[in-house]
Each structure stands twice: as C-alpha cells, then as structure tokens.
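Asker: Submitted below is the structure of interest, expressed as structure tokens.
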Amino acid sequence: MPLRIGDPSPRPDAWAKLSGKARYVDDLRPEGLLHGATIRSPLPRGRLRGLRLDPAFAWSDVVVAGPADIPGRNLIPLLDEDQPALAADLINHAEEPLLLLAHADPATLERARRAVAVDLDPLPPLLDLRAAMAAAAAGEPAVHPRGAVLKEIAIAKGDPGAVWADAPLLVESEVETGAQEQLYLEPQGMIAWADARSVTVIGSLQCPYYVQHGLCAVFGLPPEQVRVIQAVTGGGFGGKEEYPTLLAVHAALLARKAGCPVKMVYDRAEDMAATTKRHPSLTRSRAAFDSDGRLLALDVDFNLDAGAYTTLSPVVLSRGALHASGPYRCGHVRIRARAWATNTPPHGAFRGFGAPQSCFAIERLMDLAAARLGMDPAELRRRNLLRRGDTTATGQVMREEIDLEGLLDMALAESGYAARRAACAAANTAAGPEDPRRGVGLAVFMHGAGFTGSGEKRLASRAALELGCDGVVRVLAASTEIGQGAATVFQQIVGQALGVDAACVLVEPPDTDRVPDSGPTVASRTTMVVGHLLEGAARSLRAALSADGLPAAAPAADVAEALARRGAARGPERWSEAYAHPDWVVWDEERYQGDAYPTFAWAAYVAQVAVDPLTGEAAVEDFTAVQDIGRVVNPALAAGQVEGGVAQGIGYALMEEVQWREGRMANNRLSTYIIPTAADLPGIRARFRETPGGYGPEGAKGLGELPLDGTAPAVLAALDMATGTRFRRLPVLPEEILPRLAGGEPGDG
Amino acid sequence: MAEAPRITLELTVNGAPRRVATLPGARLLDLLRGMDLTGVKEGCGEGECGACAVLLDGRLVNSCLVPAAQAQGSTVLTIEGAAADRELAAAQRGLLDRAGVQCGICTPGVVLAAGALLKRIPDPDEEEIRGALAGNLCRCTGYVGIVAGVRAAARELRGGPSAGGGA
C-alpha cells in the first residue's frame, strides 16, 4: 500500500524493539573495548587543589585522562564558551567532571574510581534561584564571571503603567516550579575511537552535529575528521540535546589516550545526579482586568535557575518569555526575563524548553482572576483568546487561520467540562470526611513550532534523498529517531510525494559522514521543518522519474520499478533541499519584536483529579487533550506524543520532585524520584483539530513539546477546585495537600 | 591483579540448555547480557523500572535483583525467546498494532510483564492490566498504547478478532 500522510503507518523500528534485536549503545561491544568512568567534584563550588591517586592502587593498567590530555580547547562550545570539558581550577557545581579513567574490567574501574581523592578549597556557593536573587540584591559578588544574570530579555508592548491605576481588577501572583528530570529510560551512553587525526563516536543522542561541533573544538580537528553516529536511542526529551557532547568528549579523550575504543555508559544514579534537568523557575506577575474579565495589562517577571554554566539557558529563557503572555490578547504587556547563575549542575533542554514554566504562571494567573471575578475559568479565557489579526506581546500579527474558541469548545465538549464541574462541586459539598474531593481544571496554551525568531534562518538546514543502486530511496537527515517517530513520519512524507510503499523508503540512522546537517532534533521542528525539506527533495526525485517517462498517476509498483531502473543505471544519486526562510517571518532579536515563531500549535486541556482526604494523595482520573497541530501526519504517533507528554506533565505536577542537598540531587534513584506508572494514570483522550497553517507537509506544525506546556496548570486548577485552596508551586505532593484539606492553610494568591 | 574465580552455571535459556561461567557476584542481568541476550535492558539496577524483566521458572523477575547463581538449574525466558511463547508473542503483536512502542527500551520488559499477566489472567480488565504493568516504567507512551496493546493481545488469545481489529 502506498504511504500516505494522515495514515497511522506502523513504525519501521517497532519489530526490532519488540523482539530485543535493536542494538542500543550499551549493546555494542567493539573489539578491545575499555570502559570509562568520571571523577567528579563532591562540592558545589571551590578551587581545585589537586587529585590524589592512591599509591596503594595498581594504576599501571588504568588509563587516566585529565585536562592536560586535551589537544584542542578545554571547553564545551554552546551559546557561550564558559563550560570546561574537565574543570582544572575553579569548580562551579557538584558532580562537575575533573578526571577520566578507563579499564577493560568494570569492577577494577570502579575500584580505581574510589582510589582517587579530590582535594579542594571550598568557596561559598549559591544553591538556588532565591539565593542568587538575594545575593544580587545585597550586592554580593556573583558566582559566574558574566555576573549574576547570564541572560536578560525585555519585551514591551503598549504602556501597562498607565493601566494599573484605573483598572477594575488587579491580580498578582508568585509561582514556582521545581527542576524535573527527563528520565529517558536509557541512560546516557557513548563509545569513542580516537587517534591524533580523527575521532569517531557512536551513542545515544539527539543532535549529531552538536556533538561533532564540540569534538572539533576539544580535539582541534576539522569536521571532516570527526564522525558522529547515532545508535538506537532510548528516549531523549531534551536530555540528550546538549549533554551527549560532553560525554562524547570524555569518551574520546580516554580513547585517544588508550589507543582503543572506550565506552562510557552512566548508571542511573550518575545520570540523574550529573546531567541536566528542567530549569527551576520563579515568576511574579500582575494583571489588570476590566469588570467583564478582559485582560487590560500584564506584567511578568520571569526567572530561571540556569545552574553553573550558560549552556542553552539563554534560548530556554527566550522561549519561556515568548510564551509568558499565553494565547491571550492584551494591549499592554511588559515581560522581563532573567536566567540566573547558581552552583547547581547546568539546567538544560527538556521538552517544552522554558514554556512549561511560563505557561504555568500565566494559567495560574488566569485562574486567580477567574476566581476573583466569580467567573468560570473557561469563560474568562474565552473572552481573551487571540483571534486572527490580533498581535502578540512581540507585535507578531496572527496571520494564520486560528480558531481558539472552537478549540476550547471542543475540549469542553470532549471532556464534558460543565457537567463534570457541576458533579464534582455537588459531590464535594455532600462529601463526608473520608470521601474523595474532586475538581476539574483547564489550561489553554500554545507552543511555537521551530526555532525562535531567526533561528531557522541561522541553522540553514539541509536534508537529502539518495536513490541507491538497489532502487531503495534513502532518507539522509541529521534528525534523530529517539522514540518520537521521526523515522516513520519521514518515511510517510517521502513515500507520499513519490507514491511508493514503505519497502521503497529507508530512513538511515544519522551518521555525519553520510547525512547533511538538518539541524538539531529539538524545538518541535522535525516534522515541520525537516519534513518539508524531504518533501521538496522527494518532489525533485519524482520529477526526475517523470522526465524518465513515468506517468504522473503511476501506481506504486510502477514507481518502484522506475526507481529500480534508474537506481541500477545511475545510482547512487542524490537530491538535496536547503531551508528557505519564509520572507514574511521577520524577527528583531535586539528589540524582541516581530514574528517570534513562523507558526504555533494550540491546545486546550481538561483534567479531573480526585484527592484522598486521608492521605492527601491526588490522582488524575480523567484527562482530555485537544490540540490543533495543523495536518496530523500520523495520528497513531501523534496521539502517542500527546499521551506521553501528558504523562510527563502529570508527573511534573504531582510527583516529580528533585530534592537538592548542597547543590546535588539527593534523590537520584528511581526508588526516590517518582515518575508515573501505568497504575497512576488515567486513559488520556487525545484529540486533534486540523486547521491548515503550518508550513510542514500538507500544513503540519510542531507537536512534540506542546503537551508539557499545559498539563500541569490544568492539573493544578483541578486541585484548587478539589481542595478549595490555591496551589502556586510545582510539584504538589501529598504533604502539601493534606494540611489544606484540614483547613490549616488557606489558599494564597 | 588476580582474576576473581568464576563459577559455572547450568540452566535452560529460551529453550536451549546452556553452560556458562560467570563471576560469583554477577547478577542474572549480567549473565544474560553476557550471553549476548542484549534485549534484556538495564534501566536502573535497583528493580524499579522493569526493563530487565525475564521469566525465571515462569515467574516474572527483575533480573537486576536476582543473583546469577540463583538461576542454576532453572529455566529462563527472555525477550529473545518471546516468539516461541504463545502469550509473549501475542503481547508483541498487540503492542505493535496499538502503537505501544516508542523508544523501545522498556519494551522487552513490558512484553514479559504482559505475557506473564496473560498466562495468569487470560481476560484482564483495565485495572488488572495497569496493576500488572506498574513495575514497568515507560517515559514515552503514557501507557495508553501499551494498555491497549495488552487488551488486544488478550482478545486475540481468546480467539476474538485479531489485535488489529476492534476498539
């Protein structure tokens, strides 16, 4: 059957995964392999005096690599160059890598690791956002050479200052969100081969060209001497966006020194303690409404804890700031966003990328305003939804067809919102002391698809198709399949444009020696941006077949035959496509004005929770997720993205608490950091509206991150209703809920 | 450094008798992965995630918590032997048809847990399915496709329409 956009095509990788044949990085065992380990800082801040290798240990067959073994520059190049590959002097966070060891036997390696003592002079650390803000306010020196704030963004529209005085209703709110662990089920892992002239790595990663860029800097090699291959990857969620570069550098330093391949695979405890998490946030906001509930002015002070190094925080901050006013019309907006330096391990990319934090803040604010106005939260939102022709906080005109009211109505209808709310209210009134309390909450939100502003223009992505001698069309893109279904979607897009079935289209695992740079697999851009490039390449290939004499309406078998003929005669042959920035997308990075994203995906989610008054435990018992992502390329995979994202959002809201002790994750185990199991979650109703407007294939937009933005605020709104109080901090654990039910703590603003 | 003494174990793995040498402190997980049965995954090493699940004498266990020596004389079924097992094979087909697979790391363990459930309860309801899978963490699917896949497998085993049909 010919592949088609819109069909629930099966995943080409499913059977290998179901039968245990798929080889992840830890399943690969090249000849002569050594295992690598990392010596890390035990303290969050200090000056390194030295590393002492226990003389009683037999070091002769242990490979030891330190900063002096770095042939190029000792840094991980990202948006800044402040993060060393191995800290040599100043230590800026706990778990910071200092020295690398390798040995053929994992047990000996572990004994060697324990035989290294880290000697350092402690310096006073700043361990969280409030500490960083307080230190700056008190004029104390910053813990980062760039200052207390690593990035600041200001967005201004109209004049909120002129509105406050006469506004019928002013609401103010301060909300916080904690760190969240990505918890891909496959820990970080990498195997490296290296000599003086070349480096090759294979690993679990999202962005092959980011890894190549980092290796080039550290090894002082040109890109053509650095090869990065993606192994089958067991989940990423942003956690394998920037971190694998550091791991690849470490494995390659050991491999170069050892002269044989080195594998580094973190165990769960090391992975959770040392790698990135979602940025904790603190948002103070103020809004003015008229007596009909129309939003008149909005002032948001958005703060992220960047951790010890800049890494990706400036762009996480940017996406957070650009989503801070939500999908609402407002004439007067001021947004101030800052990323603060602290001494925790750097916080990093995690599905949603700053937007979950700021969507949480605006949605909490809307719920507060609805309560003050005595208005249903859905009605308040309805009165403020963006419409076509409106402008956002950055002055972006909503040119695309949007129908947020229709989307909201669909969510209300699909969830039975009004009836559920009425039933919960009645049941709560009649509830005995041991009966569960229930509530229903809502969130309306959006997610900008693709890189922010001019980001896609800078990336200038490329993708290609190669027709082999065997007549098979190979998809060559740097976009990684990490579980989300990129390979399936690419196969469908190319298959439809060519008019062939799945056997004719093979999506190759990315290998920088083979695939052009299609940009990173992040920012909900893969289907829309890279899919669009592949569609273009497929059309060029189809045109070549037409020129060979293949009729326009040829059946799949004839196309396959034409491919086989051409492949045998001329293969391998490539068709490439380069990104062309839509000229109507104009962004002013200096003033933060203009088209922040070429398009947005929109959503309205409804959650129902039940709270056990005896234990304080809250469970989500019903969840409806309605979204408009333009054309749905594969409904089965799209539903899977929504369902998985909602599950992560429910964990973010009710379970997943990173406990910090002296700048270190104290609960870095799966027995103490709790994520949702099958028994904790309801069935999730994922529904789609397909308003055209995206510039992906057939009008597809981005989807991957969207579900993280609105799930937690919908759950907290439901929790407010169930308890009759107001929650302002994520995650909400039973120990916070229980006193509220006892009436011990009133809701706050 | 002196090599640690090794012990030799005899056991049946996926239907075949095997004789393997291993370190006394090795886990069943290490033993199996050392036999190139790399479909057995390590997700946490402390029995919380279920990625390393296997059937040991028909009982579902997390192989990271079982000393290899305990498998002496026993019968082990891993994902690599699923195709020859009626319930496990049905679970594989159900998950395939219901989009219960994404990144795939949890998938082998989920198949083993689902198969063990179907051997015990041929007609599980939603709560029984969710309860049986509560020891298998999945970060990708929200469990929706997995639960639907197990339900489809149960229906197929009862002789109903194949996993592909019905709601």
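Asker: Against the empirical 2.2 N^0.38 Å scaling, what ratio does the C-alpha Rg of segment A:421-524 come to?
Answerer: Against the empirical 2.2 N^0.38 Å value, I get 1.83 for segment A:421-524.
Asker: Enumerate the residues in segment A:79-113 having an amide nitrogen under 11 Å from the point lying 7 Å beyond the Cα of residue A:458 toward its Cβ.
Answerer: So the set is A:79-80.
Asker: Considering only DSSP states other than H, G, I, E and B, which trypsin sites (Lys or Arg not before Pro) in segment A:576-666 qualify as loop sites with at most 16 other Cβ atoms within 10 Å?
Answerer: Taking segment A:576-666 and a limit of 16 other Cβ atoms within 10 Å, the loop trypsin sites (Lys or Arg not before Pro) found are A:591.
Asker: Which of the trypsin sites (Lys or Arg not before Pro) across segment B:1-85 are loop residues per DSSP, with 16 or fewer other Cβ within 10 Å?
Answerer: Answer in residue order: B:6.
Asker: If we count other beta carbons within 10 Å of each Cβ, what is the order of A:281, A:540, fewest first?
Answerer: With the sparsest Cβ surroundings first, the list reads A:540, A:281.
Asker: Divide the volume of the convex hull of the Cα atoms of chain B by its number of residues and quote the answer in cubic angstrom per residue.
Answerer: For chain B, the hull spanned by Cα atoms encloses 106 Å³ per residue.
Asker: In whole angstrom, how far apart do the alpha carbon centroids of segment A:491-527 and segment A:669-684 sit?
Answerer: 33
Asker: Something else now. Within a 10 angstrom radius of each residue's Cβ in A:662-675, how many Cβ atoms of other chains show up on average? Whole number is fine.
Answerer: Averaged over the peptide's residues, the number is 2.
Asker: Between segment A:280-345 and segment A:347-376, what is the separation of their alpha carbon centroids in Å?
Answerer: Computed from Cα coordinates, the inter-centre distance equals 10 Å.
Asker: While we're on this one: Springs between alpha-carbon pairs under 10 angstrom, Gaussian network model over chain B: which of B:58, B:50, B:149 fluctuates most?
Answerer: B:58
Asker: Any idea what the dipole of the protein assembly as shown comes to, in debye rounded to 20, about its Cα centre with Lys/Arg Cβ at +1 and Asp/Glu Cβ at -1?
Answerer: Approximately 740 debye in magnitude.
Asker: Next question, about the same structure. Eigenvalues of the Cα gyration tensor times 5, then square-rooted: what semi-axes does that give for segment B:7-81, in whole angstrom, largest first?
Answerer: Square roots of five times the eigenvalues give 17, 14, 11 Å.
Asker: Given an 8 Å cut-off on Cα distances and at least 6 residues of separation, report the relative contact order of chain B as a percent.
Answerer: Relative contact order comes out at 22 percent.
Asker: Could you check the spin-label model distance between residue A:379 and residue A:174? Points 7 Å from the Cα along Cα→Cβ, value in nm.
Answerer: 3.2
Asker: Scaled to the compact-protein estimate 2.2 N^0.38 Å, what is the alpha-carbon radius of gyration of segment B:82-157, rounded to two decimal places?
Answerer: Expressed relative to 2.2 N^0.38 Å, the Cα Rg reads 0.92.
Asker: Over segment A:75-188, with a single point scatterer placed on each C-alpha, what log10 of the ratio I(q)/I(0) does the Debye formula yield at q = 0.12, 0.17, 0.21 1/Å?
Answerer: -0.78, -1.22, -1.39
Asker: Now a separate question. From the phi angles alone, apply the Karplus equation (6.51, -1.76, 1.60; θ = phi - 60°) to segment A:237-249 and give each ³J(HN,Hα) in whole Hz, x where the residue is Gly or Pro.
Answerer: With coefficients 6.51, -1.76 and 1.60, one gets 6, x, x, 10, 7, 9, 4, x, 4, 4, 5, 5, 4 Hz.
Asker: Continuing with this model, one more query. If R₀ is 25 angstrom, what is the calculated FRET efficiency for the pair residue A:659 and residue A:49, using the beta carbon separation as r and rounding to 0.05?
Answerer: 0.25
Asker: Please give, to one decimal in nm, the separation of the simple spin-label points placed at residue A:388 and residue A:292, each 7 Å out from Cα toward the Cβ.
Answerer: 2.2
Asker: Which value in nm describes the separation of the simple spin-label points at residue A:413 and residue B:46, placed 7 Å from the Cα toward the beta carbon?
Answerer: 4.9
Asker: Over chain A, calculate the relative contact order: mean separation of alpha carbon pairs under 8 Å at least 6 apart, over the residue count, as a percent.
Answerer: 16
Asker: Counting only other chains, and only Cβ atoms inside 10 Å, what mean value do you get across the residues of A:19-26?
Answerer: 6
Asker: Using the Karplus equation 6.51 cos²θ - 1.76 cosθ + 1.60 (θ = phi - 60°), what ³J(HN,Hα) coupling, rounded to whole Hz, does each residue of segment A:368-380 give in order, writing x for Gly and Pro?
Answerer: So the J values, rounded to whole Hz, are 5, 5, 4, 5, 5, 7, x, 10, 4, x, 5, 5, 4.
Asker: If you stretched the chain out fully between residue A:553 and residue A:679, how much longer would it get, using 0.36 nm times the residue separation minus the C-alpha to C-alpha distance?
Answerer: Full extension from residue A:553 to residue A:679 adds 40.3 nm.
Asker: Another question, if that's okay. Of the listed peptides A:440-447, A:95-102, what is their order by residue-averaged count of other C-beta atoms within 10 Å, with the highest listed first?
Answerer: A:440-447, A:95-102
Asker: Something else about it: Given the protein assembly as shown, what whole percent of its Cα pairs are spread farther than 53 Å?
Answerer: Here the tail beyond 53 Å accounts for 12 percent of pairs.
Asker: Are there GluC sites (Glu not before Pro) in segment A:414-491 that DSSP marks as loop and that have at most 11 other Cβ atoms within 10 Å, and which are they?
Answerer: Within segment A:414-491, the qualifying GluC sites (Glu not before Pro) (loop, at most 11 other Cβ atoms within 10 Å) are A:434.
Asker: Something else about it: Sequence gap at least 6, Cα distance under 8 Å: using those rules, report the relative contact order of segment A:53-116 to the nearest whole percent.
Answerer: 40
Asker: Sorting check: for A:692-698, B:91-97, A:267-273, which peptide has the highest mean count of neighbouring beta carbons within 10 Å, and how do the rest follow?
Answerer: Ranked by mean Cβ neighbours within 10 Å, highest first: B:91-97, A:692-698, A:267-273.
Asker: What average number of partner chain Cβ atoms lie no more than 10 Å from the Cβ of the residues making up A:638-651?
Answerer: 4
Asker: While we're here: With axes computed from alpha carbons, what is the tilt in degrees of helix B:107-120 against the longest principal axis of chain B, rounded to the nearest 10 within 0 to 90?
Answerer: 70
Asker: Could you line up A:90, A:296 from fewest to most neighbouring Cβ atoms inside 10 Å?
Answerer: A:90, A:296
Asker: Using 1/(1 + (r/R0)^6) with R0 = 51 angstrom and r between the beta carbons of residue A:142 and residue B:119, what's the FRET efficiency to the nearest 0.05?
Answerer: After rounding, the FRET efficiency stands at 0.25.
Computed from the coordinates by the stated procedures, all read-outs in this text should not be read as laboratory data. Just so you know, these numbers come straight off a predicted model, no measurement behind them. In this analysis, Cβ positions are derived from the backbone assuming ideal geometry, glycine residues included, and neighbour counts consider all displayed protein chains.
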